[in-house]
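Here the structure is laid out as structure tokens; the discussion comes afterwards.
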Amino acid sequence: MPDDVLVTCSKTHCYILGEPDGLWCFLRPRSLELPELIKILLEEHRSVRALLLKIHHLISEGRDKEVAEALKDFKPYLDQHIIDEEATILKILLEAYGRQGAENAVKVFQQHREIHQLITELTRAESPEELRDKRERLRQILDDHFAAEESGIFPWALETYRRVRRE
């Protein structure tokens, strides 16, 4: 399998995430009702913002090795977050509106690959300038990504979920 591939295993509802170092992890979406899942995802967004601030300070202080360690510890957490969003939230929207109707959500969730790639690049950055540039790009994309999810996609998915449950 190629590196950084997310494959849906339709029969088991698990996801296989390939890492460049050859490690593979098998994750499943959390079994939660959508309102509870969204609450957790929003809490995780706050945690990511705090982590980015911590990384900014570590970079400013020249503590590059600590930056890499913080990011490595963060990747499994991020993987679960992405799987939950795509397997639960995106699935609800695709089932209700089809691919064309859910196109905005699809575009936002396609950013997950770039986010994942930027984190990998940050862990491998070789100079303080490269660390700063990658961190800034990650901050920008996450700010836009979180805003789109929090103000549009999550409320839309929750409204759709509630409507479908009433029917």
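The values are calculated or read from the model by the stated rules, or taken from the named source; none is laboratory data. Everything quoted here is computed from the prediction, not taken from an experiment. Don't worry about glycine lacking a Cβ; one is built from the backbone with ideal geometry, like all the others, and counts go over all protein chains shown.
For region 64-110, taking the residues that are within 14 Å of the chain's Cα centre (by Cα) and aromatic (Phe, Trp, Tyr), the one that is surrounded by the most Cβ atoms within 10 Å (Cβ to Cβ) is identified as Phe109.
Yes or no, residue by residue, for (1) touching a strand residue (DSSP E or B) at 6+ places or on another chain (Cβ under 8 Å); (2) closer than 25 Å to Glu126 by Cβ; (3) at pLDDT below 90:
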| site | (1), (2), (3) |
| --- | --- |
| Glu61 | no, yes, no |
| Lys72 | no, yes, yes |
| Lys75 | no, yes, yes |
| His81 | no, no, no |
| Ala87 | yes, no, no |
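Looking at region 137-150, can you tell me whether even one residue there is among the β-branched types (Val, Ile, Thr) and either under 13 Å from the mean Cα position of the chain (by Cα) or modelled with pLDDT of 95 or more (or both)? Taking every residue of region 137-150 in turn, at least one turns out to be among the β-branched types (Val, Ile, Thr) and either under 13 Å from the mean Cα position of the chain (by Cα) or modelled with pLDDT of 95 or more (or both).
Looking only at region 59-75, decide whether some residue is assigned to a helix (DSSP H, G or I), under 20 Å from Arg28 (Cα atoms) and not basic (Lys, Arg). Among the residues of region 59-75, at least one is assigned to a helix (DSSP H, G or I), under 20 Å from Arg28 (Cα atoms) and not basic (Lys, Arg), which makes the answer yes. Of all residues in region 111-136, those that are within 12 Å of the chain's Cα centre (by Cα) and not β-branched (Val, Ile, Thr) total 7.
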